[in-house]
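Written out below as structure tokens is the structure these notes cover.
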Amino acid sequence: MTRTIPDMHTIALAVTDGMLHFELSLAFEVFGSPVTDPWYDVAVCGPDAVGVGLFRLAPDHGLDRLAGADTVIVPGWADIDVDPPAGLVDAVRAAHDAGARVASLCTGAFVLAAAGLLDGKRATTHWAHTGELAARHPRVEVDPDVLYVDNGSVLTSAGKAAAMDLCLHLVRLDHGASVANTAARRLVVPPHRDGGQAQFVATPVPAPGDHPLADLLPWVMERLDHPLTVEDLARRARMSSRHLGRHFRSMTGTTPLRWLLTQRIRHAQELLETTDDSVETIAAATGMGTATTLRRHFNRTVGVPPDTYRRTFRARGNG
């Protein structure tokens, strides 16, 4: 059985001795703090007493509860040099077989790989451990250069902050861009970083107002309805297109055009959720030009056409 996204509401956090407390706490904060109604029902599942970092934790349910969840989150696994507990691996596999969406945070990917859920699939984990994941599980296509990978019913993230990106990605899938943006504002984090963005940015991101793109990015966001080009952005930033591309790559891990397209799609999502504007009007408001262009890019990026996206989140909002 495969559950549809509108039916998803139960989040099970799979814990056992050796879990990383940062990823576990992060997931509980995102999914356990309601932003809209209905929200998620969060269940912490594991043995009677679990050692998580500096803390001892008493889960609410046993691991057998995972099989009844809509989404299972497997936080980071501390000791990747040993095999994860067989009971945890079996419970995660059983949950996926029952139709649950399963997501790992950081080195939780080793649990999913041990369960066979990543065989033949693209996956990621913390960049420092991607080599080990690939060596131990050669049937997994390990990508060390992305923040997270969404395979539909199986998702994996890189380490630490990328775990937050994946959690917000799940909120966006389930509740829409507007709700995900609200959750991000509450958490004081960026509302969206594309999963294909690089894990490791060679140069630290400067403080706001103290980097070459500080004036450019707000200027672009106010002009998404304009047919902007890389040359337009470079001219505004008073630098060559090649120089602009280097700054974008060092700061965001992506290209100017890909970043711009992401902003246009995000804006289109919000307009589809919050207005009755036609697809043609939204195409103009997001700088896509025509409804055909918007539909092509939206379908490729989000996975469904704009009209389907609107019906899904309008129906959920009226539910």
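Computed from the coordinates by the stated procedures, all read-outs in this text should not be read as laboratory data. Everything quoted here is computed from the prediction, not taken from an experiment. FYI the Cβ positions are ideal-geometry reconstructions off the backbone, even for glycines, and counts take in every protein chain you see.
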Dipole size in debye (nearest 20) for region 86-134 around its Cα centre, Lys and Arg Cβ +1, Asp and Glu Cβ -1?
160 debye
Arrange SER241, SER178 by Cβ neighbour counts within 10 Å, fewest through most, would you?
SER241, SER178
Global geometry of region 5-187, whether rounded, prolate or oblate, following the gyration tensor of its Cα atoms and the 1.5 cut on a/c
rounded
When GLU222, GLU23, GLU141, GLU231 are arranged by how many other beta-carbons sit within 10 Å of their Cβ, fewest first, they go GLU222, GLU231, GLU141, GLU23
Considering only region 5-187, percent of DSSP beta bridges that pair antiparallel, nearest 5
30 percent
Please work out whether the chain counts as rounded, prolate or oblate from its C-alpha gyration tensor, where a ≥ b ≥ c are the square roots of the eigenvalues and a/c under 1.5 means rounded, while otherwise a/b larger than b/c means prolate and anything else oblate?
prolate
Residues meeting the amide H criterion for VAL154 (H placed from the backbone, H to H distance under 5 Å, 5 or more places apart or on another chain) are VAL102
Given the chain, longest segment not containing exposed loop trypsin sites (Lys or Arg not before Pro) (DSSP; at most 12 other Cβ within 10 Å):
1-138
Among PRO256, PRO218, PRO84, which one shows the highest mean-square fluctuation when the chain is modelled as a Gaussian network with alpha-carbon springs under 10 Å?
PRO218
